[in-house]
Structure formats: structure tokens, C-alpha cells
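A short write-up of the structure that comes next.
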Amino acid sequence: MKYTLKAINAEELSFKINNVRIENGGRIELNPVFGRQLRKANNDPKMNFICLSVKIEGTESDPKPFNVNVSIVGIFEAEYETKEEEKQFLVQGTSIMYPYLRSAVTNLTSNTGMPPINLPVISGPIFPEDREVYGISDAPAPGNPNLN
């Protein structure tokens, strides 16, 4: 399996202030929700696109003072022959892109006048289905990191 990162582009960067007040010294749980999608170019089977996203959104039962939605797309030239190699590429591509996603969230939120959001450094699988590629089989799925 061979792959090369050609570019990373922002697909969506949004920040919306909600009418929710946090008392002084109050804490909120951000509970980011991560998403990922692999797409392939129709005219070139070597061109692969990994879309990595994170959402932090309030609900009626769990209001947040803001909503954040960030999606980035990594453009990769990749050669793999089996479904297992494709899965390894997807997991490795995700780990390459995650620092860019973290940076985009921090940069977006730092320009709002609020303290910036710093997603955690993750040195393992972000998605539970990636655990076997990391050699984790018996440990419980880490799920999404809980940020306070």
C-alpha cells in the first residue's frame, strides 16, 4: 500500500452563537461528535478523498453557548489492493488529518472573542471501528473524547 497526501482543504467552517448563558465559573461539556467519509474520484481510482469532521452542537436537553461545525477534506493519491489495505489507508489518513482538524477548530474559535477550543491530542483510534488496526481488541471503545 502506498499513499501520498496531495492537499487538505476546508469544506465547512461554521461558528454560531446561541442564546445560552454560562454562569461565571460554570463549565460546559462540549462532547464533540466526529465523522468521517471516504470518497473516490470517478475518473481516477488512485484519487481518494477523506472527509473528517467534528460538530459541537447544543440541544434542548444539553444547551451550549455556541455551535461549531468543521469539515476538512484530505486529497490523497493512494494505491491499495485489498479491503484490509483500504481500511489501513483510511485509519492512517485519518490520523494524518486529525491535527489539521484540531488546528481548524482552534483557529476558528479563537477569532470569536471566546476562549478557543482545543480538541485533545489523540494518539489512538478516534473511531471505535479503527481499534483493530491499532491492535486494540479487548479494550472498551474510547468513543468520542469528553471535553470539559
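The values are calculated or read from the model by the stated rules, or taken from the named source; none is laboratory data. Every value quoted in this text rests on a predicted model; they were computed, and no experiment measured them. Note: ideal-geometry Cβ built from the backbone for every residue, glycine included; neighbour counts use all protein chains shown. Heads up: the accessible areas ignore ligands, DNA and RNA and are worked out on the full protein's heavy atoms, side chains in. Shrake-Rupley method; radii C 1.70, N 1.55, O 1.52, S 1.80 Å.
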Residue-normalised value, i.e. accessible area per residue, for region 74-138 at 1.4 Å probe, in Å², stands at 54
On the accessible surface of region 1-59, probed at 1.4 Å with all protein chains in place, carbon and sulfur together account for a percent value of 44
Note: I136 to K2 extended length (0.36 nm per residue) minus current alpha-carbon separation gives 45.9 nm
Of the listed pairs K55/K83; K2/K40; K6/K55; K2/K46, those with alpha carbons more than 18 Å apart are K55/K83; K6/K55
Contact order relative to length for region 29-71, counting C-alpha pairs under 8 Å separated by 6 or more residues, stands in percent at 34
E77 and I96 label points (each 7 Å along its Cα→Cβ direction) are spaced in nm at 1.2
Under a Gaussian network model of the chain whose springs join Cα atoms within less than 10 Å, the largest fluctuation of I122, I22, I136 belongs to I22
In debye to the nearest 20, the charge dipole size for region 1-128, taken about the Cα centre with +1 at each Lys and Arg Cβ and -1 at each Asp and Glu Cβ, equals 160
Looks like region 21-91, by Cα gyration tensor root eigenvalues a ≥ b ≥ c and the a/c under 1.5 rounded cutoff (else prolate when a/b is bigger than b/c, oblate otherwise), is prolate
Ordering 90-96, 7-13, 27-33 by per-residue average of other C-beta atoms within 10 angstrom, highest first, gives 90-96, 27-33, 7-13
Candidate cut points under GluC sites (Glu not before Pro) in region 73-121, DSSP loop plus at most 16 other Cβ atoms within 10 Å of their own Cβ, are E81
Per the charge dipole of region 1-105 (beta-carbon charges, Lys/Arg positive, Asp/Glu negative, Cα centre), the residue among Y98, Q88, V20 reaching farthest to the positive end is V20
For S14 and R27, extending 7 Å from Cα along the Cα-Cβ vector and measuring point to point gives, in nm, a value of 3.0
Amide H proximity to K64 below 5 Å, modelled H, separation 5+ or other chain, gives G58, T59
Here the equivalent ellipsoid of the chain, derived from its Cα gyration tensor, has semi-axes (largest first, whole Å) of 31, 18, 12
Taking Cα pairs closer than 8 Å and at least 6 residues apart, the relative contact order of region 17-95 in percent is 28
